[in-house]
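Remarks on the structure that follows.
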Amino acid sequence: MTKGVCPVCNGSGHMPCPDDLRDYGVKHGWYGYRADDDTVTCTNCGGQYMYGRPTGEVRLNKDGEPCKHSYTSQTVGRCLTEYTCQHCGDRYQIDSGD
């Protein structure tokens, strides 16, 4: 599988902090917030996976460019949801543990 540098974090593993996360207490340590550069853990290159960490790399999309993921979700079990990227086919599952 060919990969490229994440277009969201440019390989750093951190992306600019969205305003809505900052409003919910990010500055108090939530979501991997770093005050020195006002960033959070990237949710495009690994941070979106259950217990995942950003890698700075993503799969290439259908055009051969590093993918900025756009996931669709599907319930595959009682508390299990599978997410699939529309552009590159990247998949992951989240178990909500209800």
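The values are calculated or read from the model by the stated rules, or taken from the named source; none is laboratory data. All of these numbers come straight from a predicted model, not from anything done at the bench. Every residue, glycine among them, receives a Cβ derived from its backbone with ideal geometry; neighbour counts consider all protein chains shown.
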Among residues of the stretch 1-39 being more than 21 Å from Ser70 (Cβ to Cβ) and aliphatic (A, V, I, L, M), the residue modelled with the lowest pLDDT is Val26
Is it the case, given these coordinates, that Cys42 is at pLDDT 75 or above and within 19 Å of Leu60 (Cα to Cα)?
yes
Number of positions in the stretch 39-71 that are over 21 Å from Asp20 (Cα atoms) and touching a His at 6+ places or on another chain (Cβ under 6 Å)
2
Would you be able to tell me the number of residues in the stretch 47-56 that are surrounded by 15 or more Cβ atoms within 10 Å (Cβ to Cβ) and in contact with a strand residue (DSSP E or B) (Cβ under 7 Å, 6 or more places away or on another chain)?
5
Within the set of pairs 6 or more residues apart or between chains, which connect a residue that is free of Cβ contacts under 8 Å to residues at least 40 places away in the same chain inside the stretch 44-62 to a residue that is part of a strand (DSSP E or B) and among the aliphatic types (A, V, I, L, M) with Cβ atoms less than 8 Å apart?
Asn44/Met15; Asn44/Val58; Cys45/Val58
Can you name the residue in the stretch 60-98 that is surrounded by 11 or more Cβ atoms within 10 Å (Cβ to Cβ) and of a type in the set (D, E, K, R) and is also farthest from Gly47 (Cα to Cα) among such residues?
Glu65
Counting only residues that are of a type in the set (S, T, N, Q) and more than 11 Å from the chain's Cα centre (by Cα), how many does the stretch 42-70 have?
1
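Here are Gly89, Gly77: which of them is free of Cβ contacts under 8 Å to residues at least 24 places away in the same chain and outside any strand (DSSP E or B)?
Just a single option satisfies the conditions, and that option is Gly77.
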